[in-house]
Structure formats: C-alpha cells, structure tokens
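Shown next, in structure tokens, is the structure this report addresses.
The values are calculated or read from the model by the stated rules, or taken from the named source; none is laboratory data. This is a predicted model, so every value here is computed, not measured. Virtual Cβ from ideal backbone geometry, glycine too; neighbours counted across all protein chains shown.
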C-alpha cells in the first residue's frame, strides 16, 4: 500500500533526490509494448501464436487477470467487473501527481486479442477500430471526464512533492492519508499486507504560487480506493473544512449514480472501486 501511495504522489523516491519535480514522473499503465488495457483485464496469459514463434515471444509476466473467462465474453458479470477495473486504473493514472500517458484505444477497449508483442502485425490486431468509440461511448465519456477533472483542478497537478506542509494561512496539511475510519493511517496499517483500502485527502485553497508569483487556488478532493475483491467496505468521510458536505464526483462501483451532495457521515464502497468527492473552495 505504501508503494501505491508513493506512485500516486508522483514518485518522489525516484525524482526528488535529483532535484526534479512531480511533473517529471510519467505515469502509465499500458504502452505500445504488452497488453492494451482491455486485454489486461481479459487474458491471464499471452496469445502470440500468429507471430509465428510458437507463442515463445513476448513477456510471460503481464500482471493481468481475466475474471473467469479467457478473452471476449458475453457474461454480464464478468464484463461488468472488467469495465470497472478499466475505470479504476484510468482513474488512478489520471488523478496521480505527474504526467499521465495513455495508450491510444484504451479509452474504447481496443483489443489485440491477447497478443502482447504485436510489433509484426500490421492488421486489425494493431489497428484502431473507431467504431469502438460508439459502442464504448460511456467509457469514452468517462475517460474524457477524467481528463477534464485533471485539467480543471490544480490539486492533481502540483508543482512540488508532498511533505505534509501546511497550506498558506491554514493549519491543515496539503495531503492526508486516511484509513476507512476516516483517521490518518498508522505506521502499522501501512505495513499490513491485508490493508487494501485507502483515502487520500488533497487539500485545496491556496495551494502554491505559479512561475509568475500568482496564487494557485483549487478545490479540495477526497479520493477513496478499495482494491479488496470481497465485500463492500464502509468509509467514514472526514469533516470538510467548511463544515458542509462532500459532493460525489463519481463512483466506479456504482456508475448509475450522478454527482450529488452526500449528507451521510459514512459511504459504502463496492469491492474494487474508486470514489471521488470534492469540496469547492470558499469564494
């Protein structure tokens, strides 16, 4: 869990010692090598037979999972969890500090049919089927909304690494890492292998100053990650700075929910889900 938080925060362990900034971190899940995102949740193993090397080429360690069926399926439950996991990975990448890099076609579930080494294929295996943009319209729109969220809110594009600094004029840290009780993570919790749920409170307000000395002001966001494959988990929402309520932005576990104010003190997260809340900065 600690490694996940470090990557979410821009990988200071890799870049800060050399004097570099969060924007030097290129964050990606898939690239031109290996599985595209759809295949990452659809295949347990590579299927490179058409490359003519008896499936010996390509990496065998794909960190992929098919959720019950190898390849394409009409099983609604399997399709549902696959789409959710695609959204979870896209959300994690797009809302991390650093620069996101997305493989073209991942936003519409482009597939290479399990081929993870398609360098020699100049055909439908590597081509982008633009009809997918229509059949996968909801995923395309979700991806678009993530890009918009990142673009519009500077808390996702910080110019300095997190060090628990207090924000200008406020006795609150720039980031807080929370457990499901809404309290800050303890040292023991960070080191427990069974802990798979994490909250990240990105404090808004006067975040920083830009190159011209102008204040960077942004909204506060609460990101909840639940990587547990079991039962739903109840997360206690921390108090907002204004004393008001959190506003739901999206919940990958319940895609039917529209953005709305959450008046309850607790929020039930589905297994394998990402939930995002916001508190607009006071005018």
Checked 124, 188 against criteria (outside the structural domain of residue 59 (by TED's automatic domain parsing) and over 22 Å from residue 219 (Cβ atoms)); the one match is 188
Odd one out for residue 72 among (1) surrounded by fewer than 19 Cβ atoms within 10 Å (Cβ to Cβ); (2) in a helix (DSSP H, G or I): (2)
In region 30-45, the residues that are part of a loop (DSSP other than H, G, I, E, B), in contact with a helix residue (DSSP H, G or I) (Cβ under 9 Å, 6 or more places away or on another chain) and within 20 Å of residue 120 (Cα to Cα): 30, 32, 33, 34, 36
Of all residues in region 162-184, how many are farther than 18 Å from residue 240 by Cα and either surrounded by 12 or more Cβ atoms within 10 Å (Cβ to Cβ) or modelled with pLDDT of 95 or more (or both)? 2
Counting just the residues of region 75-112 that are in a loop (DSSP other than H, G, I, E, B) and surrounded by fewer than 17 Cβ atoms within 10 Å (Cβ to Cβ), which one comes out nearest to the chain's Cα centre (by Cα)? 101
Failed criterion for residue 115 (all others in (1) buried (at least 19 other Cβ atoms within 10 Å of the Cβ); (2) over 24 Å from the mean Cα position of the chain (by Cα); (3) outside any loop (DSSP other than H, G, I, E, B) hold): (3)
Filter region 238-266 down to the residues that are without any contact (Cβ under 8 Å) to a residue 60 or more places away in the chain and either crowded, with 19+ Cβ neighbours inside 10 Å or within 26 Å of residue 137 (Cβ to Cβ) (or both) and list them by number. 246, 247, 248, 251, 254, 256, 257, 258, 259, 260
Please verify whether region 213-221 includes one or more residues that are out of contact with any helix residue (DSSP H, G or I) (no Cβ under 6 Å at 6 or more places or on another chain), surrounded by fewer than 18 Cβ atoms within 10 Å (Cβ to Cβ), at pLDDT below 95 and assigned to a strand (DSSP E or B). yes
